[in-house]
Amino acid sequence: MTTVLKLGGSVVTDKEAPETVDEEAVAAAASALADATDDLVVVHGGGSFGHHHADRHGVSTTEGTDDAVAVRDIHGAMKRLNGAIVDALAAEGVAAVPVHPFSLAARDEAGALTLPTDGVQTLLGEGFTPVLHGDVVAHAGRGATILSGDELVVSLARGLDADRVGLCSGVPGVLDESGAVVDRIDAFADVADALGESDATDVTGGMAAKVRALLDLSAPAAIFGPDDLAAFVSGERPGTVVAGGADADGS
Ligand code: IPE
């Protein structure tokens with residue numbers, strides 16, 4: 001079983017304070033992941049590392065930059081966060097190794113992403129736990145743009161033919177208008193009215209973008225909060241199940 005799991009930037013960092021790791025949350029997440037029996041690919045978001053630099057340099061998933069300083073600032077910050085997460089996983093005995101998407105991926109002029117997964121697949125086969133992150137990405141005709149962790153998750157899930165996908169975010173799932181967790185989403189229209197925008201600086205969009213991305217997948221996906229991470233790792237589907245593609249008939 002291959003599982004692709006994203007730890008959201010709001011889970012692993014203090015999103016309001018530039019370049020601040022939430023040490024306690026990262027340690028708790030690492031401890032939960034140490035119990036994984038599936039082949040696990042971890043992706044983490046940018047939180048207060050990537051987004052502040054991206055915002056400062058005016059870079060987003062569509063607004064590119066040809067300024068090498070901006071690329072180094074954003075990528076450098078994400079590498080620092082990645083190092084902190086790899087170290088926390090290592091401290092729990094996980095065979096975590098860093099994989100930097102900037103060195104692998106590219107977008108074409110239309111924005112379509114190419115992400116070779118041979119390296120990640122081979123690392124999994126050799127018993128490693130690859131840890132990727134939201135990053136900058138070479139973008140034909142626009143210099144470099146932002147590659148979100150959510151987009152990486154979708155691309156990896158397809159490329160690795162993943163069995164399960166999880167997005168651990170700052171909330172316990174997708175919330176309806178009354179604040180209750182929605183159990184299951186089969187189509188975007190189910191939640192279109194309930195989904196607002198993320199309140200902190202977030203160049204890659206909030207919950208609506210996550211739901212849309214997961215609906216595009218055939219693998220079952222779950223969106224849940226940090227308290228449910230251990231349950232997800234043990235094989236449960238906590239929070240909100242997002243049933244796209246093959247699952248769309250409601251089965
Ligand atoms: C953003 O990744 C990466 C950069 C800004 C470089 P995400 O968009 O996946 O990050 P979070 O989870 O929303 O913080």
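The values are calculated or read from the model by the stated rules, or taken from the named source; none is laboratory data. Predicted, not measured: the structure shown is a model, and the values here were computed from it. Using ideal geometry, Cβ is built from the backbone for each residue, glycine included, and neighbour counts are taken over all protein chains shown.
For this structure, a couple of remarks:
- Which listed residue is among the charged types (D, E, K, R), away from the ligand (no atom under 15 Å from the Cβ) and out of contact with any Phe, Trp or Tyr (no Cβ under 8 Å at 6 or more places or on another chain), from ASP73, ASP38, ASP55: ASP38
- Search result, residues across the range 61-76 that are at pLDDT 95 or above and surrounded by fewer than 18 Cβ atoms within 10 Å (Cβ to Cβ): GLU63, ASP66, ASP67, ALA68, VAL69, ARG72, GLY76
- Options THR129, THR145, THR117; residue that is touching a residue at least 40 places away in the same chain (Cβ under 8 Å), within 24 Å of MET78 (Cβ to Cβ) and touching a His at 6+ places or on another chain (Cβ under 7 Å): THR145
- Among the candidates ALA219, ALA213, residue that is modelled with pLDDT of 90 or more and aliphatic (A, V, I, L, M): ALA219
- Scanning the range 64-76 turns up no residue that is within 21 Å of LYS210 (Cβ to Cβ) and hydroxyl-bearing (Ser, Thr, Tyr).
- Counting only helices (runs of 4 or more DSSP H) that sit wholly inside the range 1-101, those with at least 3 residues that are touching a strand residue (DSSP E or B) at 6+ places or on another chain (Cβ under 6 Å) are 47-56, 68-91.
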